[in-house]
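Structure first, commentary second.
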Amino acid sequence: MIRINIVCVGKIKEKYIKDGIEEFLKRLSKYVKLDIIELTEEDDNKGIKNAVDVETQRIIDAISKKNYSYSILLDLSGKMMTSVEMAEKIEKISLTSSEINFIIGGSNGVADKLREIVNFRLAFSNFTFPHQLMRLILVEQIYRWISINNNIKYHK
């Protein structure tokens with residue numbers, strides 16, 4: 001069973017988003033081991049660049065503790081893929097890695113040093129989504145990709 005980590009900055013505040021995430025986590029539990037690693041959001045009163053640098057370092061520290069993992073950064077300048085293409089990518093990754101990290105940076109973005117060390121940068125859209133909502137969208141898409149790979153009717 002593959003392990004998936006969602007490494008993200010900040011906490012979910014809205015109940016409806018928490019409920020949606022919990023529903024997909026429950027559905028996914030038969031197929032993957034999924035953990036959400038919430039990192040502290042930095043106060044940007046000391047400057048946005050400083051906040052981004054501190055949050056980026058927290059992300060790097062979190063993913064570097066994961067041995068043999070494949071890291072995917074959600075990034076507006078990343079590659080866009082269809083759900084079927086991403087399901088195929090997940091299947092290929094699982095042949096060589098037992099763990100995948102999906103990374104959602106803070107509201108001010110991430111520093112380039114993180115972009116340089118991840119294995120893949122994925123764009124969901126040209127739109128910008130609130131980070132809390134993006135976490136729900138990501139969990140839903142993970143369920144969709146797993147559904148495609150396991151011939152579950154959800155994707156249809």
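The values are calculated or read from the model by the stated rules, or taken from the named source; none is laboratory data. These numbers were taken from a predicted model, which means no experiment stands behind them. Neighbour counts run over all protein chains shown; Cβ positions are idealised from the backbone, glycine included.
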Give me the pairs: first residue in segment 38-54 and in contact (Cβ under 8 Å) with a residue 12 or more places away in the chain and over 26 Å from I4 (Cα atoms), second residue among the hydroxyl-bearing types (S, T, Y) and in a loop (DSSP other than H, G, I, E, B), beta-carbon distance under 9 Å, and six or more apart or on different chains, which are they? D44/S107
Have a look at K46, K65, K79 and point out the one that is at pLDDT 95 or above and more than 23 Å from K26 (Cα to Cα). K79
Complete set of residues in segment 110-131 that are buried (at least 17 other Cβ atoms within 10 Å of the Cβ) and farther than 25 Å from I2 by Cβ: A111
Of the residues D61, D75, D44, which single one is out of contact with any His (no Cβ under 8 Å at 6 or more places or on another chain), farther than 27 Å from N151 by Cα and crowded, with 19+ Cβ neighbours inside 10 Å? D75
For a quick check of your reading of the model, give me the residue pairs whose first member lies in segment 11-36 and is of a type outside the set (A, V, I, L, M, F, W, C), whose second is in a loop (DSSP other than H, G, I, E, B), with beta-carbon atoms closer than 6 Å and at least 6 apart or on different chains. K18/I12; K33/M1
Condition first: modelled with pLDDT under 95 and farther than 16 Å from R115 by Cα. Can you find one or more residues in segment 16-30 that meet it? no
Cβ-Cβ distance below 6 Å, separation of 6 or more or different chains: which pairs start in segment 69-85 with a residue that is among the aromatic types (F, W, Y) and end on one that is part of a strand (DSSP E or B) and buried (at least 20 other Cβ atoms within 10 Å of the Cβ)? Y70/I100
Just to be sure, is I17 of a type outside the set (S, T, Y), under 15 Å from the mean Cα position of the chain (by Cα) and in a helix (DSSP H, G or I)? no
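Within segment 123-134, is there a residue that is part of a strand (DSSP E or B) and modelled with pLDDT of 95 or more? Working first, answer last.
Of all residues in segment 123-134, those part of a strand (DSSP E or B) come to 123.
Checking the rest, the ones that are also modelled with pLDDT of 95 or more come to 123.
Yes, there is a match, as at least one residue in segment 123-134 is part of a strand (DSSP E or B) and modelled with pLDDT of 95 or more.
Regarding segment 32-45, can at least one residue be identified that is outside any loop (DSSP other than H, G, I, E, B), polar (S, T, N, Q) and touching a helix residue (DSSP H, G or I) at 6+ places or on another chain (Cβ under 8 Å)? Let's see the steps before the verdict.
Going through segment 32-45, the residues outside any loop (DSSP other than H, G, I, E, B) turn out to be 33-39, 44-45.
From what is left, the residues that are polar (S, T, N, Q) are 45.
In the following step, the residues that additionally are touching a helix residue (DSSP H, G or I) at 6+ places or on another chain (Cβ under 8 Å) were identified as none.
No, because not a single residue in segment 32-45 is outside any loop (DSSP other than H, G, I, E, B), polar (S, T, N, Q) and touching a helix residue (DSSP H, G or I) at 6+ places or on another chain (Cβ under 8 Å).
Can you confirm whether segment 68-81 contains a residue that is part of a helix (DSSP H, G or I) and not acidic (D, E)? Give the steps one after another, and end with the answer.
We begin by selecting, within segment 68-81, every residue part of a helix (DSSP H, G or I); these are none.
No - not one qualifying residue is present in segment 68-81.
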